[in-house]
Amino acid sequence: MKTDYTLVILFVVTVILVISAIIMMPLSNEQIVPAEKIAERMGNLLDPNQANGGENGTTIGFGEYNNGAKISSDDTESYQGNHSIKVVTDGISKSDQGFAVDLITGLTPHSTYSASVYLRGNGTVYTQLSEYNTDGSYVTGTYSGIVILKDNWDKVLISKNLSTGTKVLFNTATAGKQATVFYADALDFRKNNT
């Protein structure tokens, strides 16, 4: 009896394609993330809601910086995903109002860390990394310099070489007293490779 290998090969290829399609299917309705985005996210020490600017619709992981600012998760403006952190400052109660990421702990002294945030809105702001020792005492801070906000998203980058500290406060605030609205998204904080 002569076997028709064409049908056998066609059957095997079909089975392989079906199995491959099943393996590659997402298990839920979540968006498939491209490989370059996965590589970009690896190493980010912020939790997902912080990294994605309040993507879960809350401000968990964020707080006001220097009182007088109102922060919320906003679904009308975003750089990535569907939300960003909206900051509304009154420009009256204090200068340098804005938002801060919850204190980042467990860091390695004598190491360099980098942070970035995408910003848009009105006014002038700065981004800051403040170093603290384990006991909570302030060590020193690093500022990004003044950023003039615009209608398009701009990335602000800042790095800090820790001396003795193991904690960092990552914040963005107005430069002086300003009544303004600005948005923050796609936050990143990571240890630099040495």
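Of LEU119, LEU107, LEU103, which residue is touching a Gly at 6+ places or on another chain (Cβ under 8 Å) and either among the charged types (D, E, K, R) or on the phi < 0 side of the Ramachandran plot (or both)? It would help to see each step written out before you state the result.
Numbers: LEU119 fails: touching a Gly at 6+ places or on another chain (Cβ under 8 Å); LEU103 fails: touching a Gly at 6+ places or on another chain (Cβ under 8 Å).
The match here is LEU107.
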Residues satisfying the stated conditions in the stretch 135-159, i.e. in a loop (DSSP other than H, G, I, E, B), of a type outside the set (A, V, I, L, M, F, W, C) and surrounded by 13 or more Cβ atoms within 10 Å (Cβ to Cβ): SER144
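If I go through the stretch 49-88 residue by residue, how many of them are in a loop (DSSP other than H, G, I, E, B) and not polar (S, T, N, Q)?
Matching residues across the stretch 49-88 total 12.
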Number of the exception - SER114 against (1) in a loop (DSSP other than H, G, I, E, B); (2) in contact with a Lys or Arg (Cβ under 8 Å, 6 or more places away or on another chain); (3) not acidic (Asp, Glu): (1)
Every residue from the stretch 181-194 that is surrounded by fewer than 19 Cβ atoms within 10 Å (Cβ to Cβ) and either in contact (Cβ under 8 Å) with a residue 40 or more places away in the chain or in a strand (DSSP E or B) (or both): VAL181, ARG190, LYS191, ASN192, THR194
Sole exception among (1) out of contact with any strand residue (DSSP E or B) (no Cβ under 9 Å at 6 or more places or on another chain); (2) at pLDDT 80 or above; (3) in a helix (DSSP H, G or I) for ILE22, by number: (2)
Counted residues, the stretch 121-165 - those being within 30 Å of GLU77 (Cβ to Cβ), more than 19 Å from the chain's Cα centre (by Cα) and of a type outside the set (Ser, Thr, Tyr): 8
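The values are calculated or read from the model by the stated rules, or taken from the named source; none is laboratory data. Please read these numbers as outputs of a predicted model, since none were measured by experiment. Cβ coordinates were reconstructed from backbone atoms using ideal geometry, including for glycine residues, and neighbour counts include every protein chain displayed.
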